[in-house]
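The structure appears below as structure tokens.
The values are calculated or read from the model by the stated rules, or taken from the named source; none is laboratory data. Since this is a predicted model, take the numbers as computed values, not measurements. All Cβ positions, glycine included, derive from the backbone under ideal geometry; neighbour counts span all protein chains shown.
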Amino acid sequence: MNIAVDSKKIAYQKNSERYELRYETLIEALEKRAVAKPEFLIFMDLKNKESRVSAKDILTHGKAVAQYLIGRGLKQDDKVVVMLPTGAHFAYIYFGILLAGGVPVPVSQPAGTSNLGKYLDNLKHIIHDCEARYFITYEKIKVIAASLMNISDLVSGFLFDDEIFANPVPVENHKPLPVVKPDDLALIQYTSGTTGKPKGVMLSHRNLLHNIHGIGVASEMTPDDVGISWLPMYHDMGLIGGFLSTLYWHISMVLMAPEAFIFKPVWWLENISKYRVTMGVAPNFGYHYCVTRIDDASSHRLDLSAWRLALNGAEPIDRNTLTKFLEKFGPRGLRDDIFLPVYGMAENSLAATFPSLKNTTVVRRFNREKIETEDIAVDSNSENSKEYIDLVSVGYPLVGQEVRIANENGETLHEREIGEILVKSPSLMSGYYENPEATREALKNGWLHTGDMGFILDGLLFISGRKKEMIIKRGKNIYPYDIERIASTVAGVRLGCCAAFDVHNENEGTEDLVLVCETCIKENDDLDRLKRDIHAEVLAKLGIAPDDIMLVPKGTIPKTTSGKVQRYMCKRIYLEGELILSQGKNLLVIVKTFLMSHFHLFRRRMRQ
């Protein structure tokens, strides 16, 4: 990488490496792929059985979908909400919309009937907000949420995928497909809505192709690589990082259903072994899940020696998780430099920074007090957890991208100084759909204000936490993930299932630290002991203790579709008194059922 570093060590990095995009639109990328290397997708069903889809299949079926939509009245730039599971139909319909000149708006499926009202409120907001003309889903969705059909009142076209494929337009009635340009929208990706209503991130073909190109350059993709993903195709990591990136770089791709991974995570590693996968992607949660849910007997036949890169993103990266994953699966041929901690966001298409492949995982130890009280990263060699914090670097900006650290006035700080992370690149969204106020807040003078806090050291970016989620107590900046990580190590607490946040204490005039943890324990005496253990462990490791610890049942902590804890949502419902408490042999419901996590409900669907 050709990284420019200011001699005064200001907190600014620019990747000035020259590059040239291979294609102008995603449609051109598909057309060229269909000729050069048709072999493409290997879909795995819920029993881990494969079915193959070529680039030619996607192009042929995509054109049929385009003709059907045009026949139903779709006009150029019409928005089409797509609610489909990972599979061939998603690929066909996504490209069918693009070929017809429309704009795909992927959305998640309802993960069960619990709290369906809140899910539908968000979905209706998205449909209204993007001014959707059509809504495409699948027939089986009615089994999960019959009331979803009421959405047909909000759009002129409520369509089922099977209906589209069962009624192809006769060739003699085909109409010319519109000309699609690089700056036309190729995707509206809605944010998870953790701090308000979801916002529609507008991304053009040029935005996406720039990001996809940078991902491939940074990871040194070649047509000999084989990728794998269990992230849903409606999610940016699954859609852009998985499906579209491998299309562009002529790579074969194994796509698993998220439900299958949750049901049997060893299938992920078995598929990596079987298909000689070289590149995989998952949030930190996925690697945690494999460590805790795969026993030695299930893994002894694995051969992971072909796996060269394990991208880790979408949530804070835990050094302990990486270490435990390597210890557990190292004997199966896993490389010790396999992990690639990455950083990105929907507003920048997907990726912003990648580490160098010459030094993939850089972990540095810093003085905790300096970070918490002075916003500066000072090295530490202490072995006392109260005195240090270990942070994993997420590397350097991708080609054509710039990253800098700024204070509240937007002024660039110096290396080691903690401030907000700002990003500038050709991957940046044009804005939030029909939301100029939110756009002005996020985009200032060409820079995306991410809301993430961090610093640059020796040219490397380190992330310390979210600006809006930082807890300030007794003059210290406390990062929620630090508390959650420590609480998760206590026996009885579910790994990765804790949420820490602050609540204003009117009587004391300060902030209380609240910690919500999931547990499977139900006996009162055991719950009291667990609370004491959590309190003692956090106090011992951080020198500060939670003011309130709430223990809740498995599946209670709200998460995004990629497994990120939704602290804002948890805090809001905590304040509203809507938590379910683990208490005694039965569950005591204070007001009503709390929003169930996406992945927990995937498991429920597998049992139905």
**Selection count where residues are under 17 Å from Gly400 (Cα atoms) and crowded, with 19+ Cβ neighbours inside 10 Å, scope the range 427-445** = 3
**Item:** When residues of the range 477-516 are limited to those that are charged (D, E, K, R) and surrounded by 17 or more Cβ atoms within 10 Å (Cβ to Cβ), the one modelled with the lowest pLDDT
**Value:** Glu511
**Fill in**
If you go through Ala487, Ala500, Ala442, the only one that is in contact with an Asp or Glu (Cβ under 6 Å, 6 or more places away or on another chain) and aliphatic (A, V, I, L, M) is Ala500
**Item:** Hits in the range 281-310 - residues which are of a type outside the set (D, E, K, R), part of a loop (DSSP other than H, G, I, E, B) and over 16 Å from Pro265 (Cα atoms)
**Value:** Ser305, Ala306, Trp307
**Request:** Would you mention how many residues in the range 51-64 are closer than 18 Å to Ala257 by Cβ and in contact with a helix residue (DSSP H, G or I) (Cβ under 9 Å, 6 or more places away or on another chain)?
**Result:** 2
**Message:** Let me spell it out: the conditions are (1) over 19 Å from Ser245 (Cβ atoms); (2) among the aliphatic types (A, V, I, L, M); (3) surrounded by fewer than 23 Cβ atoms within 10 Å (Cβ to Cβ), and Leu69 meets all of them except one. Which number is the exception?
**Reply:** (3)
**Request:** Would you be able to say whether some residue in the range 206-229 is surrounded by fewer than 23 Cβ atoms within 10 Å (Cβ to Cβ), touching a Cys at 6+ places or on another chain (Cβ under 9 Å) and more than 17 Å from Ala55 (Cα to Cα)?
**Result:** no
**Message:** Of the residues Phe285, Phe325, only one is in contact with a Cys (Cβ under 9 Å, 6 or more places away or on another chain) and either closer than 30 Å to Met202 by Cβ or not charged (D, E, K, R) (or both); which?
**Reply:** Phe325
**Message:** Show me the strands (runs of 3 or more DSSP E) entirely contained within the range 311-423 in which 2 or more residues are surrounded by fewer than 24 Cβ atoms within 10 Å (Cβ to Cβ), β-branched (Val, Ile, Thr) and within 25 Å of the chain's Cα centre (by Cα).
**Reply:** 388-397
**Prompt:** Which ones in the range 247-266 are in contact with a strand residue (DSSP E or B) (Cβ under 7 Å, 6 or more places away or on another chain) and farther than 24 Å from Leu26 by Cα?
**Reply:** Ala260
**Request:** May I ask you to list the residues in the range 226-246 that are polar (S, T, N, Q) and touching a strand residue (DSSP E or B) at 6+ places or on another chain (Cβ under 7 Å)?
**Result:** Ser229, Thr246
**Asked** Here are Val392, Val362: which of them is among the aliphatic types (A, V, I, L, M), touching a residue at least 60 places away in the same chain (Cβ under 8 Å), over 18 Å from Val217 (Cα atoms) and out of contact with any helix residue (DSSP H, G or I) (no Cβ under 7 Å at 6 or more places or on another chain)?
**Response** Val362
**Prompt:** Among the residues of the range 47-100, which ones are of a type outside the set (A, V, I, L, M), assigned to a helix (DSSP H, G or I) and in contact with a Leu (Cβ under 7 Å, 6 or more places away or on another chain)?
**Reply:** Gly62, Lys63, Phe90, Phe95, Gly96
**Message:** Give me the residue from the range 514-533 that is of a type in the set (A, V, I, L, M) and under 28 Å from the mean Cα position of the chain (by Cα) and, out of that set, nearest to Arg494 (Cα to Cα).
**Reply:** Val516
**Item:** Search result, residues across the range 286-332 that are free of Cβ contacts under 8 Å to residues at least 40 places away in the same chain and of a type in the set (Asp, Glu)
**Value:** Asp295, Asp296, Asp303, Glu327
**Asked** Which condition does Phe455 not pass, out of (1) touching a residue at least 40 places away in the same chain (Cβ under 8 Å); (2) part of a loop (DSSP other than H, G, I, E, B), if it passes all the others?
**Response** (2)
**Request:** Output the residues belonging to the range 5-46 that are of a type in the set (D, E, K, R) and part of a loop (DSSP other than H, G, I, E, B).
**Result:** Asp6, Lys8, Lys9, Glu17, Arg18, Glu20, Arg22, Glu24, Lys37, Glu39, Asp45
**Prompt:** Looking at the range 547-577, which of the residues that are modelled with pLDDT of 85 or more and farther than 18 Å from Leu495 by Cα is surrounded by the fewest Cβ atoms within 10 Å (Cβ to Cβ)?
**Reply:** Asp548
**Prompt:** Is one or more of the residues making up the range 275-297 farther than 26 Å from Tyr190 by Cβ, more than 23 Å from the chain's Cα centre (by Cα) and polar (S, T, N, Q)?
**Reply:** no
**Message:** If a residue must be in a loop (DSSP other than H, G, I, E, B), closer than 23 Å to Phe165 by Cβ and either at pLDDT below 90 or of a type in the set (D, E, K, R) (or both), how many such residues does the range 130-151 contain?
**Reply:** 3
